[in-house]
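The values are calculated or read from the model by the stated rules, or taken from the named source; none is laboratory data. Note that the structure is predicted; figures quoted are calculated from it, not measured. Ideal geometry is used to build each Cβ from the backbone, glycine not excepted, and the neighbour counts take in all protein chains shown.
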Amino acid sequence: MNDDRGESCNTNSPCPTAEQAITLQEWTSLLFVLDPEATAERVTRGDYPCPDSDCSGHVGPWGTARTRPVRLLGGGIDWLTPRRGRCRHCDRSHVFVPVRAFPRRTDSVETVWKALAAAAHGQGHRPIAHQLGLPPSTVRGWLRRARANAEIIANRANIIRIDVDLSAAASHQRFDTPLATMVHMVGAATAAWKRRFWFPTPTSGPDYTPRQVASLLTGGWLLIANVPASAQFWRPG
Ligand SMILES: [Zn+2]
């Protein structure tokens, strides 16, 4: 893959590996977490319920997944080592994926959402790629996948918005394109979630960007092929 942001890659900070496909079976074992440290503490305490609705067990620590680089918006590399967990009752294993990255995607959620927002405003993939300093093929791939998933993600984002903001109107706004509708609906769900759950201050815990919250709410499904109707998005509790 050509990469015209080569100035961020050197011996000490090698270029990220090529993006790889991921199967739905693998995907269902991924858990998107806003605060990996707080999640790790819960897992260590045995206070993290198994995400399988048929299991009453709790997830315990089970090492880490491999370390990989995430290319940051504006340059630089974030090295990511997701923790793993295994249910002590059903033995199913999971990887806790911090919401700042998409699994097996080279670029951060900040970069991807910025590209989607620009496309929702009518920009094509080539100018977006130029602005981000990325190959056009990379941005085109994100846009194709996000457009294919736009309707299901918009619908689920609207459900989340109504779930977390009981005073919210139930209507589902439509914009010029399904992608624009999806970006708007995810933004509205994120704003509703922030109003209800977000208490970031310099002393109360980590701060999160709206794009990270958006990835939490959409369960990381944004760039996955053939999102199933049974896909788990964010749920209260
Ligand atoms: Zn279990």
Working only within segment 122-151, note down all residues that are of a type outside the set (A, V, I, L, M, F, W, C) and over 24 Å from Val227 (Cβ atoms). Gly122, Gln123, Gly124, Arg126, Pro127, His130, Gln131, Gly133, Pro135, Pro136
Identify the residue in segment 55-69 that is assigned to a loop (DSSP other than H, G, I, E, B) and within 16 Å of the ligand (Cβ to nearest atom) and, among all such residues, is surrounded by the fewest Cβ atoms within 10 Å (Cβ to Cβ). Ser56
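Table: residues versus (1) away from the ligand (no atom under 16 Å from the Cβ); (2) assigned by TED's automatic domain parsing to the domain that holds Trp221; (3) at pLDDT 90 or above.
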residue	(1), (2), (3)
Thr28	no, no, no
Leu34	yes, no, no
Arg45	yes, no, yes
Ser53	no, no, no
Arg71	yes, no, yes
Gly85	no, no, yes
His89	no, no, yes
For a quick check of your reading of the model, give me the residue pairs whose first member lies in segment 137-164 and is of a type in the set (Asp, Glu), whose second is surrounded by fewer than 21 Cβ atoms within 10 Å (Cβ to Cβ) and part of a helix (DSSP H, G or I), with beta-carbon atoms closer than 8 Å and at least 6 apart or on different chains. Glu151/Pro178
Could you identify the single residue in Arg42, Arg86 that is farther than 30 Å from Gly141 by Cα, among the charged types (D, E, K, R) and in contact with a Lys or Arg (Cβ under 8 Å, 6 or more places away or on another chain)? Arg86
When residues of segment 91-105 are limited to those that are surrounded by fewer than 22 Cβ atoms within 10 Å (Cβ to Cβ) and more than 11 Å from the chain's Cα centre (by Cα), the one farthest from the ligand (Cβ to nearest atom): Arg104
Out of the residues in segment 154-200 meeting the condition of being charged (D, E, K, R) and assigned to a helix (DSSP H, G or I), tell me which one is nearest to Gly220 (Cα to Cα). Arg156
